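Only one structure is covered here, and it is reproduced in the block below.
The values are calculated or read from the model by the stated rules, or taken from the named source; none is laboratory data. No experiment lies behind these values; they were computed from the predicted model shown. Virtual Cβ from ideal backbone geometry, glycine too; neighbours counted across all protein chains shown. Accessible surface areas use protein heavy atoms only, side chains included; no ligands, DNA or RNA. Shrake-Rupley method; radii C 1.70, N 1.55, O 1.52, S 1.80 Å.
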Amino acid sequence: MRYLIRNLSLKKKIQSIVFLCIFLMTATALVSNHFIAAAYDGLLYRTIASSLSVSSLKMQNSLENLNTMADLMLGDAGLQRELSVMKDSDRVQDINVAYRSVYTSLMEYYFTFRKNHIKYMALHQDELAIRTHLPSALERFPKEVEEDLKERALKAEGAVVWVTDYSPDYGLFLVRLIRRTEYLRLDSIGILIVNVDPGMMAAEAADSGPFQRDSAYLLFDRENFIYASASLPAQLTAGHPDLLDDSYGTRNFSGKDFFYVKSSIPDFNWSYACVVPFDTIRSSLDASRNLCVFILLVSVVLSAVLSSRLIRSITRHFENLLQKIRNFGEGNQTPLPVDYDYSGRSDELGILHMQFDYMVEEVNQLIRTNYLNEILIKDAQFKALESQMNPHFLYNTLESINWRAKLMGAKDISSMAESLGTLLRITLDQKSKQVPLSRELELVRCYMTIQKYRYEERLDYEIQVEKELFGCYVLKLTLQPLVENAVRYGLEENTEECLIRITAEADREKGILYIYIKNNGSSFPEGLLEKLETHQVQPHGFGIGLLNIRDRMLLTFGENYGLDLYNEDELAVARLTCPLTDISKGGVPC
């Protein structure tokens, strides 16, 4: 058995570890969920939800009864007639008789439907108001509230409107515009306002609940609390109704846990919630919770022990391989001995160790026979070339040529020598691979000065770059090769004049610097970079290639930056995309 496990593939060993952990964690989660869900749902949700469904049905019946009352009053022929007299008659006696009749009808409706928790009713016609009784000082609401209720009734144009905005202070309001039905005239003859006590409605609806002694209740619409029991936490009543966002769950308010069940009241878009202190039933869940914790701990310990033993049996062989690699990296040609024989193993670990040992032998042989000789030859060649092309020797020679040309009055030779010296100095500088844009532009000017003497009037160039961008980072030796490419293809292969324009622009929102090299007289083939990379097109330049520039840009700045080649308005365009950073300010955005 040990031999079989030892020679399993690395993939199967890792899979065994993962599957073992998944199995143990899944089993733990299922067992824990079973106990907690059974106790939680069985004790709370079913009992309180059934109680709440009865309560919400009672409240819905009360609200529907009040809607029915409003419909009856709208269709009451006597009420329609008397309200019409009050509106149309000019005789005070007729108006008084109609007023008393309307008051009598209003009182009849009040006594018939007041079991639906009506506090009082009123019919308004212009400035005249007929009330069942005057509200007490505590129940009386401001004039502006009454005007707002009238305005809402007028906007509804005869539909029943339930107003919940003032529920915490004055209770619920049912308002309706009563229109004249005679001859379908449909003009306004009155506004019905019914004030309902939501607290009494909620208390009666909850009277039959088994948790009524400890429960608190909430009635709310999408925006406002309509009613909240006094025993509810202040943190809940001061917040938004959406604090109870699920059909049931738990919430912590003021350091105490509460369980809630929420149900809706159909046809009214209202919600009714029952909130119970969770501490009162916590003891019934302690036993099952402790059992789940115990099972979880045992599973975690068992998983940790088994996984660590199995992982250790794999990783120790990788540690041996790592020691061999470090030993080889430090230049020790003698293989590092380990306390394990990998020659008899056929799995990936055995193959890795044996192949590494074989590679070390091959590399040592290569070093002994070829590599050292090649290094010596290359070193000799490099030193010979370095002694012949010493930069100081070149600079001094060019300076001598420049000085001699000035004495002879050969300004063109002096300019070319000075430009070539500057070009060599910038090109051979190895201090950094990122330089200010101004330095790259100086290199371009020197190169173009030399080329101008060669091509004279056939070649011209423009540099249009804002001074504030001169300090931005660019990659060294990127602009001059592109300008050289533009000269070659825009002039050497054409007889017409060539204009090369260099511009730059900054996108400060994205933090990007764009540099454009545009020339006439040539165009880029479509997908040139891809064709160069796949060798569909063979390069025939003598300088730094386009692929070299693109690859250096990607390695230095990342995938979002680089070189793009395209054609625009009969111009060949090479665009460099760089990060917008200022070298003079320590790399901050320009």
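Taking only the range 455-468 into account, find how many residues are open to solvent by less than 20 Å² (accessible area, probe 1.4 Å) and either closer than 16 Å to Val435 by Cβ or modelled with pLDDT of 90 or more (or both).
Of the residues in the range 455-468, the ones open to solvent by less than 20 Å² (accessible area, probe 1.4 Å) are 459.
Filter again for either closer than 16 Å to Val435 by Cβ or modelled with pLDDT of 90 or more (or both), leaving none.
Of the residues in that region, 0 qualify.
Name the residue that is nearest to Ser188 (Cα to Cα), counting only residues in the range 113-126 that are in a helix (DSSP H, G or I) and open to solvent by 40 Å² or more (accessible area, probe 1.4 Å).
Within the range 113-126, the first condition is being in a helix (DSSP H, G or I), and the residues that meet it are 113-116.
Then keep just the ones that are open to solvent by 40 Å² or more (accessible area, probe 1.4 Å); that gives 114-115.
Numbers: Arg114: 26, Lys115: 29 Å.
The qualifying residue nearest to Ser188 (Cα to Cα) is Arg114.
Only one of (1) modelled with pLDDT under 75; (2) in contact with a Pro (Cβ under 6 Å, 6 or more places away or on another chain); (3) closer than 25 Å to Gly511 by Cβ is not met by Gly471, so which one is it?
The failed condition is (1).
With Ala159, Ala137, Ala153 as the choices, which residue is among the small types (Gly, Ala, Ser), assigned to a loop (DSSP other than H, G, I, E, B) and either at pLDDT 90 or above or within 45 Å of the chain's Cα centre (by Cα) (or both)? So that I can check it myself, show each step before the final result.
Details: Ala137 fails: either at pLDDT 90 or above or within 45 Å of the chain's Cα centre (by Cα) (or both); Ala153 fails: assigned to a loop (DSSP other than H, G, I, E, B).
It is Ala159.
Quick one: how many residues across the range 432-485 are within 17 Å of Glu497 (Cα to Cα) and either of a type in the set (Asp, Glu) or in contact (Cβ under 8 Å) with a residue 60 or more places away in the chain (or both)?
Total meeting the criteria: 6.
Going by the structure shown, is Glu204 modelled with pLDDT under 85 and not in a helix (DSSP H, G or I)?
Numbers: modelled with pLDDT under 85: yes; not in a helix (DSSP H, G or I): no.
Judged against the criteria, Glu204 is not a match.
Here's the yes/no breakdown for (1) within 34 Å of the chain's Cα centre (by Cα); (2) open to solvent by less than 30 Å² (accessible area, probe 1.4 Å):
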| residue | (1), (2) |
| --- | --- |
| Leu529 | no, yes |
| Met553 | yes, yes |
| Asn560 | yes, no |
| Leu571 | no, no |
| Ala574 | no, yes |
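Which members of the range 80-93 meet the condition of being open to solvent by less than 70 Å² (accessible area, probe 1.4 Å) and in contact (Cβ under 8 Å) with a residue 40 or more places away in the chain?
Those that are open to solvent by less than 70 Å² (accessible area, probe 1.4 Å) and in contact (Cβ under 8 Å) with a residue 40 or more places away in the chain: Gln80, Leu83, Ser84, Met86.
Just to be sure, is Leu172 at pLDDT below 90, surrounded by fewer than 20 Cβ atoms within 10 Å (Cβ to Cβ) and among the aliphatic types (A, V, I, L, M)? Steps first, answer last, please.
Details: at pLDDT below 90: yes; surrounded by fewer than 20 Cβ atoms within 10 Å (Cβ to Cβ): no; among the aliphatic types (A, V, I, L, M): yes.
Judged against the criteria, Leu172 is not a match.
Take the conditions modelled with pLDDT of 85 or more, under 60 Å from the mean Cα position of the chain (by Cα) and closer than 30 Å to Gly249 by Cα and apply them to Ser50. Does it pass?
No; evaluated as a whole, the condition is false for this residue.
So which of Val487, Val444 is closer than 19 Å to Glu570 by Cα, open to solvent by less than 20 Å² (accessible area, probe 1.4 Å) and part of a helix (DSSP H, G or I)? I'd like the intermediate steps shown before the answer.
Numbers: Val444 fails: closer than 19 Å to Glu570 by Cα.
The unique qualifying residue is Val487.
With the requirement that a residue be part of a helix (DSSP H, G or I) and under 18 Å from Glu182 (Cβ atoms), what does the range 82-94 give you?
Of everything in the range 82-94, those that are part of a helix (DSSP H, G or I) and under 18 Å from Glu182 (Cβ atoms) turn out to be Glu82, Leu83, Ser84, Val85, Met86, Lys87, Asp88, Asp94.
Any idea how many residues of the range 412-441 are in a helix (DSSP H, G or I), at pLDDT 85 or above and either over 25 Å from Ala504 (Cβ atoms) or not charged (D, E, K, R) (or both)? Even if it seems obvious, please write down each step before you answer.
Of all residues in the range 412-441, those in a helix (DSSP H, G or I) come to 412-427, 437-441.
Of the ones still in play, those that are also at pLDDT 85 or above are 437-441.
Filter once more, keeping what is either over 25 Å from Ala504 (Cβ atoms) or not charged (D, E, K, R) (or both): 437-438, 441.
Going through the range 412-441 one residue at a time, the tally reaches 3.
Check whether at least one residue in the range 183-198 is modelled with pLDDT of 80 or more, polar (S, T, N, Q) and either crowded, with 21+ Cβ neighbours inside 10 Å or in contact with a strand residue (DSSP E or B) (Cβ under 9 Å, 6 or more places away or on another chain) (or both), and report yes or no.
Yes, because at least one residue in the range 183-198 is modelled with pLDDT of 80 or more, polar (S, T, N, Q) and either crowded, with 21+ Cβ neighbours inside 10 Å or in contact with a strand residue (DSSP E or B) (Cβ under 9 Å, 6 or more places away or on another chain) (or both).
When the residues of the range 94-112 are filtered to those that are open to solvent by 30 Å² or more (accessible area, probe 1.4 Å) and of a type in the set (A, V, I, L, M), which remaining residue is nearest to the chain's Cα centre (by Cα)?
Step by step, filter the range 94-112, then rank; the result is Met107.
Among the numbered criteria (1) over 21 Å from Ala159 (Cβ atoms); (2) surrounded by fewer than 18 Cβ atoms within 10 Å (Cβ to Cβ); (3) of a type in the set (Ser, Thr, Tyr); (4) within 60 Å of the chain's Cα centre (by Cα), which single criterion is violated by Ser55?
Condition not satisfied by Ser55: (2).
Taking the range 568-590 as the region of interest, how many residues are out of contact with any Ser or Thr (no Cβ under 9 Å at 6 or more places or on another chain), part of a strand (DSSP E or B) and either modelled with pLDDT of 90 or more or under 12 Å from Tyr514 (Cβ atoms) (or both)?
Number satisfying all stated conditions: 6.
Take Gly543 and decide whether it is at positive phi, in a loop (DSSP other than H, G, I, E, B) and modelled with pLDDT under 90. Reasoning before the result, please.
On the way: at positive phi: no; in a loop (DSSP other than H, G, I, E, B): yes; modelled with pLDDT under 90: yes.
Judged against the criteria, Gly543 is not a match.
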